[in-house]
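K.L.:
Right, I'll just put the structure down here and ask away after.
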Amino acid sequence: MNTFFTKFSIKTLYISFAVAAIALVSACGKSDTEIPNIGSLSVYNTSPTLSSYDVYINGSRFNAAALPYAGGVKYTQLTEGTYEAKFTVSGETTSIYTKSNIAVGNNSFYTLYLTGTSGNFDGLLITDDFSNTSTEKAYVRFINLSPDAPALDLGIKDATTSLATNKAYKTYSGFVAVDPGAKVLEIKLNNGGTVKASIDKTLVKNTFYTVIAGGKVTPSTDLERQFNGQVIQHQ
């Protein structure tokens with residue numbers, strides 16, 4: 001399976017998908033050249049460890065620089081098909097976690113998150129749905145990726161309703177429309193509402209964000225991160 005690692009913004013990717021479709025229609029009857037279907041994959045390191053990692057897609061290195069905590073590879077176009085992602089400690093070749101059978105569909109977006117800790121690494125693959133949007137709103141999703149955290153909620157400080165509720169480890173919400181502007185995002189315990197992490201973030205209209213609960217509530221070694229909140233902008 002051929003891959004091509006070209007990075008684009010979400011808007012540019014949608015345009016490229018449309019251009020490819022038009023080109024395919026225009027080519028009908030003129031040649032037998034087939035334009036491949038393409039999807040897009042992004043990858044982020046959300047493991048609570050202190051290490052940085054590399055990721056290989058079907059044997060080819062996907063990242064230009066080592067992935068620190070909350071660092072990642074932006075959406076990269078791949079031909080439609082099935083892929084394998086192998087994570088290694090940066091600069092090494094031995095797999096610390098491999099996820100197989102990653103199905104990339106035409107005109108679709110996916111994000112793969114490295115989770116877990118040494119000896120128990122894992123991954124979470126999510127299909128990113130950017131449909132049914134207003135260009136005047138920002139969009140926020142919440143994922144609990146803290147291995148030892150209880151169920152968590154996400155809200156905006158002083159708001160009367162939550163953006164997401166009762167998310168256990170490796171569970172997540174859909175994107176929720178939010179008025180753009182400066183916000184204080186609060187990650188709270190579901191059973192009591194105690195704020196565990198606060199994030200100051202200016203949300204931009206027509207932009208998608210994932211808020212991640214990461215780290216560990218009780219790190220087992222000094223090589224694991226304390227519980228924290230991170231924001232990833234999808235692009």
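The values are calculated or read from the model by the stated rules, or taken from the named source; none is laboratory data. Predicted model, so just to flag it, every value in this text is computed and none were measured. Because the Cβ atoms are built from the backbone with ideal geometry, glycine has one as well, and the counts that use them run over all protein chains shown.
K.L.:
Whether any residue in segment 139-154 is of a type in the set (S, T, N, Q) and surrounded by fewer than 14 Cβ atoms within 10 Å (Cβ to Cβ) is what I want to check. First the steps, then the outcome.
P.N.:
First, pick out the residues of segment 139-154 that are of a type in the set (S, T, N, Q): 144, 146.
Those still in the list that are surrounded by fewer than 14 Cβ atoms within 10 Å (Cβ to Cβ) too: none.
Scanning segment 139-154 turns up no residue that is of a type in the set (S, T, N, Q) and surrounded by fewer than 14 Cβ atoms within 10 Å (Cβ to Cβ).
Here's the yes/no breakdown for (1) part of a strand (DSSP E or B); (2) within 15 Å of Asn45 (Cα to Cα); (3) not assigned by TED's automatic domain parsing to the domain that holds Asn58:
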{"site": "Thr88", "(1), (2), (3)": "yes, yes, no"}
{"site": "Thr98", "(1), (2), (3)": "yes, yes, no"}
{"site": "Ala103", "(1), (2), (3)": "yes, no, no"}
{"site": "Asn106", "(1), (2), (3)": "no, no, no"}
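K.L.:
Here's a follow-up. Touching a residue at least 60 places away in the same chain (Cβ under 8 Å) and either under 26 Å from Val176 (Cβ atoms) or of a type in the set (A, V, I, L, M) (or both): does that describe Asn106? Give the derivation first.
P.N.:
Details: touching a residue at least 60 places away in the same chain (Cβ under 8 Å): yes; either under 26 Å from Val176 (Cβ atoms) or of a type in the set (A, V, I, L, M) (or both): no.
In short, no.
Listed here are the residues, each with its yes/no results for (1) of a type in the set (A, V, I, L, M, F, W, C); (2) assigned by TED's automatic domain parsing to the domain that holds Pro150; (3) farther than 28 Å from Glu136 by Cα.
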position	(1), (2), (3)
Thr165	no, yes, no
Thr171	no, yes, no
Pro180	no, yes, no
Leu189	yes, yes, yes
Gly192	no, yes, yes
Val195	yes, yes, yes
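K.L.:
Can you pull out every residue in segment 75-86 that is surrounded by fewer than 16 Cβ atoms within 10 Å (Cβ to Cβ) and either touching a residue at least 60 places away in the same chain (Cβ under 8 Å) or assigned to a strand (DSSP E or B) (or both)? Give the derivation first.
P.N.:
Quick first cut of segment 75-86, residues surrounded by fewer than 16 Cβ atoms within 10 Å (Cβ to Cβ) only: 79-80, 82, 84.
Listed by number, the residues that qualify are Thr79, Thr82, Glu84.
K.L.:
Please go through (1) assigned to a strand (DSSP E or B); (2) farther than 22 Å from Leu189 by Cα for Asp129 and return the number of the only condition it doesn't satisfy.
P.N.:
Here Asp129 meets the rest and fails (1).
K.L.:
Does Thr171 count as surrounded by fewer than 16 Cβ atoms within 10 Å (Cβ to Cβ), within 17 Å of the chain's Cα centre (by Cα) and at pLDDT 95 or above? Reasoning before the result, please.
P.N.:
Numbers: surrounded by fewer than 16 Cβ atoms within 10 Å (Cβ to Cβ): yes; within 17 Å of the chain's Cα centre (by Cα): yes; at pLDDT 95 or above: yes.
Here the answer is yes, as Thr171 does meet what is asked.
K.L.:
Considering only segment 182-235, state which residues are surrounded by 13 or more Cβ atoms within 10 Å (Cβ to Cβ), farther than 14 Å from Thr46 by Cβ and acidic (Asp, Glu).
P.N.:
Result: Glu186, single match.
K.L.:
Among the listed residues Gln226, Gln233, which satisfies the condition of being closer than 22 Å to Thr133 by Cβ, outside the structural domain of Ser118 (by TED's automatic domain parsing) and not β-branched (Val, Ile, Thr)? Spell out how you get there, then give the answer.
P.N.:
Working: Gln226 fails: closer than 22 Å to Thr133 by Cβ.
Only one candidate qualifies: Gln233.
K.L.:
State whether the residues of segment 55-68 include one that is among the β-branched types (Val, Ile, Thr), in a loop (DSSP other than H, G, I, E, B), at pLDDT 95 or above and on the phi < 0 side of the Ramachandran plot. It would help to see each step written out before you state the result.
P.N.:
Of the residues in segment 55-68, the ones among the β-branched types (Val, Ile, Thr) are 55, 57.
Checking the rest, the ones that are also in a loop (DSSP other than H, G, I, E, B) come to none.
So far as segment 55-68 goes, no, none of its residues is among the β-branched types (Val, Ile, Thr), in a loop (DSSP other than H, G, I, E, B), at pLDDT 95 or above and on the phi < 0 side of the Ramachandran plot.
K.L.:
Kindly indicate whether any position in segment 132-148 is at pLDDT 95 or above, among the charged types (D, E, K, R), in the same structural domain as Glu34 (by TED's automatic domain parsing) and part of a strand (DSSP E or B).
P.N.:
No: zero hits.
K.L.:
Test Val176 against the stated conditions and say whether it is outside the structural domain of Ala70 (by TED's automatic domain parsing), in contact with a Lys or Arg (Cβ under 8 Å, 6 or more places away or on another chain), under 21 Å from Tyr75 (Cα atoms) and among the β-branched types (Val, Ile, Thr). Can you show your working first?
P.N.:
On the way: outside the structural domain of Ala70 (by TED's automatic domain parsing): yes; in contact with a Lys or Arg (Cβ under 8 Å, 6 or more places away or on another chain): yes; under 21 Å from Tyr75 (Cα atoms): yes; among the β-branched types (Val, Ile, Thr): yes.
It is true that Val176 is outside the structural domain of Ala70 (by TED's automatic domain parsing), in contact with a Lys or Arg (Cβ under 8 Å, 6 or more places away or on another chain), under 21 Å from Tyr75 (Cα atoms) and among the β-branched types (Val, Ile, Thr).
K.L.:
Taking strands (runs of 3 or more DSSP E) that fall entirely within segment 162-235, which contain at least 3 residues that are of a type in the set (Val, Ile, Thr) and closer than 17 Å to Leu112 by Cα? Write out each step before concluding.
P.N.:
Numbers: elements: 162-167, 176-178, 181-189, 195-203, 208-214, 228-233.
Per the criteria, 208-214.
K.L.:
Go through (1) over 21 Å from Val204 (Cβ atoms); (2) exposed (fewer than 13 other Cβ atoms within 10 Å of the Cβ) and name the single condition Thr98 misses.
P.N.:
Of everything listed in (1) over 21 Å from Val204 (Cβ atoms); (2) exposed (fewer than 13 other Cβ atoms within 10 Å of the Cβ), Thr98 misses just condition (2).
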